[in-house]
Amino acid sequence: FYKKGCDEKMEQLIIVGAGPAGVSAALYAIRLGVTPLVIHNGIGALKKASIIENYYGLPTPISGEKLYETGLSQLKALNIPVAEEELLSIAYDNGVYQVQTSFHSYESQAIILATGAKRNPITLKEAKKYEGNGISYCAVCDGFFFRNKNVGILGNGDYALHEAKVLEPLAKAVTIFTNGLTETFDSSVLGNIQVNHKKLLSVGGENFLEWITFEDGSKLNIDGLFVALGSAGSTDIAKKLGLILKDNHIMIETDTSTMLPGFFAAGDCTGGMMQIAKAVYEGAQAGTKAVKFIKNTK
């Protein structure tokens, strides 16, 4: 059932996310003749829902985790392939989407992004002051502005390493700051990228970011800090694709389409009511419209 490894190949439809929106999209897509590949990185916001009792058809309250597991069981029953992998990036070129995960590369005609809303805010003191003035959330978008400068990545996993690799050819020096976590990166993959495990306290500078202060009192001069906490979220992906955002959510048409052909978004990542009912509806819309797009482009 779980697709743990495969060579790169063209998929008709890739759905990112296996929550209510992603599963709903997959169920509608397969009934309309397209078997999607569902990529997910485990349970998201549903894990925090200890009791759900405001959704149609649930005679007794259940947990978000149980609902999530039920969704995966539905995919399995319909033989919909699922890849449990971390999404790193999505790129678009000449009508084809390239999807990079922590394990593989995929290509697809259409994408449905249903990853929920990212909840990994930066908590460093004074950080808000430097957003757009040295602190960035998109290496692809802003890396060009830090050519031959000393930059850092705040993060401790595959996504942080991916962003560091984007910056490596541009910057004078790149350091991954794990903020006290002892993530071990493969030295053969790091190349010239440095790793700093100290716990960060604050950032500072006169008008632009100039330094980082650590909890041990030490300070390090730096020109830019790119935030890559946790996994790549919906807004991270959207920014790199040039999609329109409002209040940190992806702007969609009423049919869940975006300004990119064949790219749809559904669920919490589009804002509005953060409710299962809304996510399921948008997932159904996205699955239906994605199949229509695929069949019209044949």
Mind telling me which of VAL140, VAL189, VAL96 comes out most flexible in a GNM of the chain, alpha-carbon contacts under 10 Å?
VAL189
Could you work out how far helix 158-167 tilts from the main Cα principal axis of the chain, as a 0 to 90 degree angle to the nearest 10?
60 degrees
Taking θ = phi - 60°, what integer Hz values does the Karplus form 6.51 cos²θ - 1.76 cosθ + 1.60 yield along region 237-242, in sequence order, with x for Gly and Pro?
5, 4, 4, 5, 8, x
Answer in debye to the nearest 20: the dipole magnitude of the chain about its Cα centre, from +1 Lys/Arg and -1 Asp/Glu charges placed on Cβ, is 440 debye
Helix 20-31: angle to the longest alpha-carbon principal axis of the chain, degrees 0 to 90, nearest 10?
40 degrees
If one builds a Gaussian network model of the chain from Cα atoms under 10 Å apart, the most fluctuating residue listed among GLU84, GLU131, GLU11 is GLU131
Of the candidates ILE193, ILE62, ILE153, which one comes out as most mobile in a Gaussian network treatment of the chain with C-alpha springs shorter than 10 Å?
ILE62
Between 0 and 90 degrees, rounded to the nearest ten: what's the tilt of helix 276-296 against the longest Cα principal axis of the chain?
80 degrees
Taking a probe of 1.4 Å and leaving out DNA, RNA and ligands, region 209-298 shows per residue an accessible area in Å² of 45 Å²
Go through GLY116, VAL280, ASN192 and say which Cα lies farthest out towards the positive end of the charge dipole of the chain; charges sit on Cβ, +1 for Lys and Arg, -1 for Asp and Glu.
VAL280
Among 264-277, 166-179, 20-33, 197-210, the order from most to least packed when residues are scored by Cβ within 10 Å on average
20-33, 264-277, 166-179, 197-210
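The values are calculated or read from the model by the stated rules, or taken from the named source; none is laboratory data. What you are looking at is a predicted structure, and each value in this text was computed from that prediction instead of being measured. Positions of Cβ are generated from backbone atoms using ideal geometry, with glycine treated the same way; all protein chains shown enter the neighbour counts. These area figures cover heavy atoms from the full protein model, side chains too; ligands, DNA and RNA do not enter into them. Shrake-Rupley method; radii C 1.70, N 1.55, O 1.52, S 1.80 Å.
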